[in-house]
1. Just check chain A against the gyration tensor rule for me: Cα atoms, a ≥ b ≥ c as the square roots of the eigenvalues, rounded for a/c under 1.5, and otherwise prolate or oblate depending on whether a/b exceeds b/c.
2. Report the longest stretch of chain B that contains none of the trypsin sites (Lys or Arg not before Pro) sitting in a DSSP loop with at most 12 other Cβ atoms within 10 Å.
3. Nearest 100 Å² is fine: what is the total accessible surface buried where chains B and A meet, probe 1.4 Å?
4. Region B:17-64: which residues show an accessible-area loss of 20 Å² or more, assembly versus chain alone, 1.4 Å probe?
5. How big is the charge dipole of the protein assembly as shown about its Cα centre, in debye rounded to the nearest 20, if each Lys and Arg gets +1 on its Cβ and each Asp and Glu gets -1 on its Cβ?
6. Let me know the shape class of region A:88-216, please: from the alpha-carbon gyration tensor, a ≥ b ≥ c as square roots of the eigenvalues, rounded when a/c is under 1.5, otherwise prolate if a/b is greater than b/c, or oblate.
7. Percent antiparallel among DSSP beta bridges with both residues in the protein assembly as shown, to the nearest 5?
8. Using a Cα-Cα cut-off of under 20 Å, which aspartates and glutamates could be cross-linked to A:Lys86, ignoring same-chain neighbours fewer than 8 residues away?
Amino acid sequence: MKLKRFLLRYYPPGIILEYETNAELKQKTIDLLDLTVETDVEVLLNRIVRQEPLITESKRPHVRKLLYKLIEKQDCQESQQFYLFKILRAHILPLTNCAFNKNGDKFITGSYDRTCKVWNTLTGEELLTLEGHKNVVYAIAFNNPYGDKVITGSFDKTCKVWNSETGELYHTLRGHATEIVCLSFNPQGSIISTGSMDNTAKLWDTETGVELCTLIGHTAEIVSLSFNQTGDKLITGSFDHTTKLWDVRSGRCIHTFQGHRGEISSCQFDWEGGKCITGSIDRTCKLWDVKSGQCINTLRGHSDEILDVSFNATGSRLVTASADGTARVYNTMTGACVSILVGHEGEISKVCFNPQGTKIITASSDKTCHIWSSDTGECLQILEGHIDEIFSCAFNYEGDTIITGSKDNTCRIWKC
Amino acid sequence: MGLLTLLRKLKKSEKEFRILVLGLDNAGKTTALKKLADEDITHTMPTQGFNIKSVIHEGFKLNVWDIGGQKTIRPYWRNYFDQTDALVFVIDCSDHRRMDETGVELNQLLDEEKLAGVPLLIFANKQDLMNAMGPDEVTEVLGLTNIRDRAWHIQPCSAKTGEGLQGGMEWLVKNINKS
């Protein structure tokens, strides 16, 4: 085995080792999920050298440099203020969702005007209009980390696969009986999953556009889905009050997470894939053990429906957004509430962490987005300007740009 | 409201109805909707997208979708056709000049497959204005008596004062229940 080179993964922090064995190039990852600005680099370095045979004494200075670089990337100044960079008015009807590619130089917006648009983040220029759907474009995604493809899920029951550079339509995925409202690529980009109001989810081959299987079992609409990082498992959250865990390869249901007393609004895997969270109309968020299918913890505190839930990049914390106008940050391990984000004057429909995990953004029906410190719960900034409620928001991978999509037909870019 | 609410309004329970409100721009759709929901109507702006309000009427929950009527966004009306229980078409009866345009749009809606057989309530709005055409005149100009494939009713009203709105809704609920 011979170490060829190091690759850095900033969020969540990790060092990827590219090495040669039997004339074959392979990779392995050292996850450093606990890395913070307070980490003692020498102690960590000792541990890595001790545990990882590929990293010999001579590599010590190099790895030390990499660790300092990673730590620098975890630091995010709270004092950074965002300013309105551009208002994009190209959609003629309300926006639905928005999403960045990993690089952050492009993002996409879906709309009631049946199109998805691809935008240049740096200039605010409209690069492409993906036209062809016969109804609302509701769910959209890039095949991150590659970013060369976009998928769009529509109320017209189809999902379309596009070239994000040229706008060329590769495939139209037909088979769902009603609206497609959630979708995702697996992290490898080879499989697409779609969830529909027809109570089923489907898996498709990205390259050929062929349906691989239909995940049957839910008795009501599927509104949220998430792959784990290795891409071999999928969870689907449904209005039937349950979330199901599926084996991607066989299409078999492994577990049904039961316990919520209301519709599921959102579900997500953590980075390591051992846990997942579900938010529900029943005002609680539940944390589940993927292996056993058991509920580990029920997070209470909201006085109204939970509309969105999200892990931070490492999975150490999670945040819940509610119709009660507040969001709550919890420690995943202990279930303790770290902070309560109070300040919105309307329900919060979307929430996410920045990649560093230091900040949280919330999108609300009060027409504003708030940026919060995830540690203290302090409101750091209010993004004002939209003239109707905000449906979606996202951070780029660097955490220095935010996009917001609104019912007012505009998308806004905010920069540091 | 949020996107999730939009999804929850796509499905519906037994005692819920989905009402679609259409008509030319400035017909008074949003004002009528606000008035029905007992909201302030003084600052009503042209609708660029849509508004949804839930109105309880005689124990039934009416999810009313008010869709913008400007010419550029009329082609998108069909986004909202699925699962419609009743169509409300609002007409500005003082706008004589655009009565032809009104007729064209209404006839197109009546030809829509997804709206086949759906009960039609026509609000002959702006009766508070001096020059407003009365319901009989509108019926004649638009040839409404030719509609034979569904229940329909024309209701004179003023969205501004609220007069006639309740009467229209009563007809609507009665006729949804029949179908």
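1. rounded
2. B:16-147
3. For B against A, buried area totals roughly 2400 Å².
4. B:Gln48, B:Gly49, B:Phe50
5. It works out to roughly 1440 debye.
6. oblate
7. Looking only at bridges with both residues in the protein assembly as shown, the antiparallel portion is about 85 percent.
8. Partners within reach: A:Asp105, A:Glu125, A:Glu126, A:Glu384, A:Asp388, A:Glu389, A:Glu398, A:Asp400, A:Asp408.
The values are calculated or read from the model by the stated rules, or taken from the named source; none is laboratory data. Quick caveat, the model's predicted, so the values are computed rather than measured. We place every Cβ from the backbone using ideal geometry, glycine too, and count neighbours over all the protein chains shown. Side chains included, ligands, DNA and RNA excluded: accessible areas come from the protein's heavy atoms. Shrake-Rupley method; radii C 1.70, N 1.55, O 1.52, S 1.80 Å.
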